[in-house]
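What follows is a short report on a single structure.
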Amino acid sequence: MNQTAEPNILYQEANPYGSLTAYLEDDGRTVYLYLQAEESPDFAIKSVWICNRIDAPKTRTDLDLRSGLAPFLTEEEVTDPKGQPEFDPKEIHFIWSEEGNGVSLFYKEELIAYLPPWSGIKGFHGYSKFAKMDTITAYPLGNTEYGVIPDRINQDRNFWEYRSTKGVWKNIQESRLAYLEYVFGKHDKYWSADGGKYPQLGIVRFAPKNMPGVYVYSTVGMSAQNLPSVELYRKDYENYARIELVCAVKVSDEDRSESWVPHQIGEIIRYPWVIGKWFGHGHSVAMSRRDPEALYLSFSSLVIREIGKEEGFPELADLKSERGNPIKFLAMIPVSEEERVFIEEKGAEEFFSLLDSSQSKWIHNPERQSTI
């Protein structure tokens, strides 16, 4: 029972977004799959038991759990009480979830374990082929070829195979631009916003002829992959997981929007996949850029508002992703600190109602006064 060894990392790999790293560790007693963050301080390390390397003991004591070692599973909890042989690192590979916050483990082309995006919630860890029942660090994986989990992993596999196909980003980019140009007219500026990292992203600017004195900035490419963590809050998460951000601003004769809007968008465009959090209606994010045109207010945050089909919004409600899921366009509206606190206390809908009575539903006016 005390056949411990120096923990050996058999295999490790970062997700395509570079935000999380998964690694398989063998300490001579057990093998565990771990998931840790590279940049997010709020992300708690996640883990799932894969198998015992020792013969499964009949019992587990409190002392075993307090030993500081990764817990083994007992004889009644495992499919095979015999210790499993050492894994060959050359036969290990991972398939990441589309969102980058879950990972499946394959060994010799067989699905062995799944550490899903909901790992870490209410004491849940993940699924292992070698778990016989629900235990402290793993649940049974079940059928490894058919069912909800294998189907989901196959969907992830298909997504990454599709994204690695030559010319895919160009197709995604052109389809988003064509849709936006149908609504706002030809774009006049475009910036690459991914810094050479995955996912490919851009920012585009429009000066719509039917909106004199207004520039519309939009992201391009955020909707090409799901936002992480949406499914932890919404059962119908696929209706909210694909988004593009829009920031429309009234400009003066001495337009200075370009000095801050594309830079602000560029700083948060990769945020969901780097931090593992999503953007949705009513959310807010701190502004790191100052609006030089601000007259009465010091804008400190951006509140996010879904662009709907109601009067007063542009017609941006019917674009579909490559998989046929709806793409939501979310307007980012600068607010003061006082307004941000009001939103936190009273709710975004009450704030939007006040905003609508005196301002545009989605266009930022740097000369506006407080709505509260």
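Any chance region 97-111 includes a residue that's open to solvent by less than 40 Å² (accessible area, probe 1.4 Å), charged (D, E, K, R) and touching a helix residue (DSSP H, G or I) at 6+ places or on another chain (Cβ under 6 Å)? Yes, some residue in region 97-111 is open to solvent by less than 40 Å² (accessible area, probe 1.4 Å), charged (D, E, K, R) and touching a helix residue (DSSP H, G or I) at 6+ places or on another chain (Cβ under 6 Å).
Do we find that Glu86 is more than 26 Å from Arg234 (Cα to Cα) and either without any contact (Cβ under 8 Å) to a residue 12 or more places away in the chain or out of contact with any strand residue (DSSP E or B) (no Cβ under 9 Å at 6 or more places or on another chain) (or both) in this structure? It is false that Glu86 is more than 26 Å from Arg234 (Cα to Cα) and either without any contact (Cβ under 8 Å) to a residue 12 or more places away in the chain or out of contact with any strand residue (DSSP E or B) (no Cβ under 9 Å at 6 or more places or on another chain) (or both).
Candidates are the residues of region 28-67 that are charged (D, E, K, R), more than 21 Å from the chain's Cα centre (by Cα) and not in a loop (DSSP other than H, G, I, E, B); the one that is farthest from Ile9 (Cα to Cα) is Asp62. When restricted to residues that are open to solvent by 10 Å² or more (accessible area, probe 1.4 Å) and either of a type in the set (Phe, Trp, Tyr) or not assigned by the TED database to the domain that holds Ser360 (or both), region 295-333 contains 3.
Contact annotation: residue pairs with Cβ atoms under 7 Å, 6 or more positions apart or on different chains, pairing a residue in region 314-334 that is more than 23 Å from Lys209 (Cβ to Cβ) and among the small types (Gly, Ala, Ser) with a partner that is in a loop (DSSP other than H, G, I, E, B) and modelled with pLDDT of 95 or more, are Ser321/Arg242; Ser321/Ile327. Out of the residues in region 107-161 that are part of a loop (DSSP other than H, G, I, E, B) and among the basic types (Lys, Arg), which is nearest to the chain's Cα centre (by Cα)? Residue satisfying both the conditions and the ranking: Lys122.
A count restricted to region 334-353 and to residues that are open to solvent by 60 Å² or more (accessible area, probe 1.4 Å) and under 17 Å from Ile307 (Cα atoms) stands at 3. Residues that are in contact (Cβ under 8 Å) with a residue 24 or more places away in the chain, open to solvent by 70 Å² or more (accessible area, probe 1.4 Å) and not in a helix (DSSP H, G or I) within region 250-272 comprise Lys250, Arg256, listed in sequence order. Among the residues of region 235-243, none qualifies, meaning not one is among the hydrophobic types (A, V, I, L, M, F, W, C) and within 22 Å of Lys186 (Cβ to Cβ).
Here region 215-249 is the region considered, the condition is being in contact with a strand residue (DSSP E or B) (Cβ under 6 Å, 6 or more places away or on another chain) and open to solvent by 10 Å² or more (accessible area, probe 1.4 Å), and the residue that is modelled with the lowest pLDDT is Asn239.
Would you check which residues across region 282-294 are surrounded by fewer than 18 Cβ atoms within 10 Å (Cβ to Cβ) and farther than 14 Å from Pro366 by Cβ and list them? Even if it seems obvious, please write down each step before you answer.
Of region 282-294, the ones surrounded by fewer than 18 Cβ atoms within 10 Å (Cβ to Cβ) are 282-283, 285-286, 288-290, 292, 294.
Listed by number, the residues that qualify are Gly282, His283, Val285, Ala286, Ser288.
The values are calculated or read from the model by the stated rules, or taken from the named source; none is laboratory data. Model, not experiment: these values are computed from the prediction. Backbone-built Cβ (ideal geometry, glycine too); neighbour counts: all protein chains shown. Areas reflect the complete protein model, heavy atoms only, side chains present, ligands, DNA and RNA absent. Shrake-Rupley method; radii C 1.70, N 1.55, O 1.52, S 1.80 Å.
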